1. What is the angle, in °, between the Cα long axis of helix 39-51 and the longest principal axis of the Cα atoms in the chain? Nearest 10 is fine, range 0 to 90.
2. Taking the Cα centre of each part, how many Å lie between segment 1-44 and segment 60-87?
3. Arranged from highest to lowest average of other beta-carbon atoms within 10 Å per residue, in what order do the peptides 94-104, 7-17 appear?
4. Can you tell me which of 24, 93, 82 moves the most in a GNM of the chain? Springs connect C-alpha atoms under 10 Å apart.
5. Using just the helices of the chain, give the 222 nm mean residue ellipticity in deg cm²/dmol: DSSP H runs with n ≥ 4 each add -39,500 (n - 2.57), and the total is spread over all residues, rounded to 500.
6. What length, rounded to one decimal in nm, is gained on full extension from residue 77 through to residue 96, with 0.36 nm per residue of separation minus their alpha-carbon distance?
7. Compute the FRET efficiency between residue 11 and residue 86 as 1/(1 + (r/R0)^6), taking r as their Cβ-Cβ distance and R0 = 22 Å, and round to the nearest 0.05.
8. Once the mean 1/r over all distinct Cα pairs of the chain is inverted, what Kirkwood radius in angstroms do you read off?
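Where a number appears in this text, it was derived from the coordinates with a stated rule and is not lab data. Only a predicted model underlies this, so the values are computations on that prediction, with no experimental measurement involved. Positions of Cβ are backbone-derived with ideal geometry, glycine not excepted, and every protein chain shown enters the neighbour counts.
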């Protein structure tokens, strides 16, 4: 089964992993230390994130370091942009109505 990036970010643990490795590349053990779950569960989340190309793996000796794949995150941001514009427009309309009500008092 092919997963997409939106399935990957639907899980709160995977979003937390993304937030962790956005700051610096980390090993699976270092990532697992931040969660109250097994190392195997964290590895499963990392595998899903890697399948969706949201994280990249870099081998340094025996260690694997996971880091965020920024270009894939841009794909998510691009999709969200359409909704961001809608909400900004609605907030701007609300500001106008509130300003009008304020001046009428």
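1. Roughly 70 degrees, rounded to the nearest 10.
2. 13 Å
3. Ranking, from highest mean packing down: 7-17, 94-104.
4. 93
5. Counting only the DSSP helices, I get -21500 deg cm²/dmol.
6. 4.1 nm
7. 0.30
8. 16.0 Å
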